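Here's the structure, in structure tokens; my notes come after.
Every read-out reported here was derived from the displayed coordinates using simple, explicitly stated rules and does not represent laboratory data. Predicted model, so just to flag it, every value in this text is computed and none were measured. Note that we place each Cβ from the backbone using ideal geometry, even for glycine, and neighbour counts take in every protein chain shown.
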Amino acid sequence: MSDSTAKATSLFAYVAEFDNATDLYHAAEKVRDAGFRRWDVHTPYPVHGMDAAMGLGKSWLSAVVLVGGTTGFLFALFLQFFTQVSLYPTVVQNKPTNLFTVPAFFPVTFELTILFSGFSILFGLLIWIMLPRWNHPLFNSSLFPKSTDDGFLMVIESRDPKFKKDKTR
């Protein structure tokens, strides 16, 4: 069974429904092998191995978090060194503050590393999945609500270079 989602005159995608996860898995392998790039699957639960069947590679989000965490770490060290060593030298644990005062610098450095990592993953993910988007053309499909209950759906978008209105079905 298939359903086409369409706004007034333009076709957004073809939506195909499958009876179970195994059929969807094999169909995903065929679509990947056919060379389609703009397509996705929607299931009510995670299907083991679907990433490989779809040909998805490693996410770049971990690199974004690494950059964010490193930035937070370096910013914390700079902030503490600049304020406590250069501008306002203090005596901590009966020792003058310098770069080797690790116990005093550790809590702020740790917290800013975690904070910058968290914000980088939040904003990186929002940019990657193009949110906020309040409405999506796929929501107009009569089959799409089934994907949260018992439907196994595959969506091939019409903006894919290999999409042909008659042959893609």
Item to check | Cα-based Rg of region 42-109 normalised by 2.2 N^0.38 Å, two decimals | outcome: 1.97
Item to check | Whole-angstrom gap from region 40-71 to region 114-169, using each part's C-alpha centre | outcome: 14 Å
Checklist outcome for this item: Any chymotrypsin sites (Phe, Trp or Tyr not before Pro) in region 1-95 that lie in a DSSP loop and have at most 12 other Cβ atoms within 10 Å would be W60
Checklist entry - Among (i) 11.8; (ii) 14.5; (iii) 15.1, which is the computed mean projected area of the Cα convex hull in nm²? => result (ii)
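Between V85 and K164, take the C-beta separation as r, use R0 = 45 Å, and let me know the FRET efficiency to the nearest 0.05.
Efficiency at R0 = 45 Å is approximately 0.10.
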Checklist entry - How far apart, in nm, are two points set 7 Å out from the Cα along the Cα-to-Cβ line at Q93 and at F110? => result 1.3 nm
Checklist entry - Are there any helices in the chain, counted as whole DSSP H runs, that stretch 15 Å or more along their axis by Cα and score at least 0.0 on average by Kyte-Doolittle, and if so which? => result 61-81, 102-128
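Neighbour counts of other C-beta atoms within 10 Å: give me S86, S147 arranged from fewest to most.
If I rank by nearby Cβ atoms, fewest first, I get S86, S147.
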Item to check | Label-to-label distance, nm, for residues given as W128 and R32 (7 Å Cα→Cβ offset) | outcome: 1.8 nm
Checklist outcome for this item: Of the listed pairs K146/K167; K30/K162; K58/K167, those with alpha carbons more than 19 Å apart are K146/K167; K58/K167
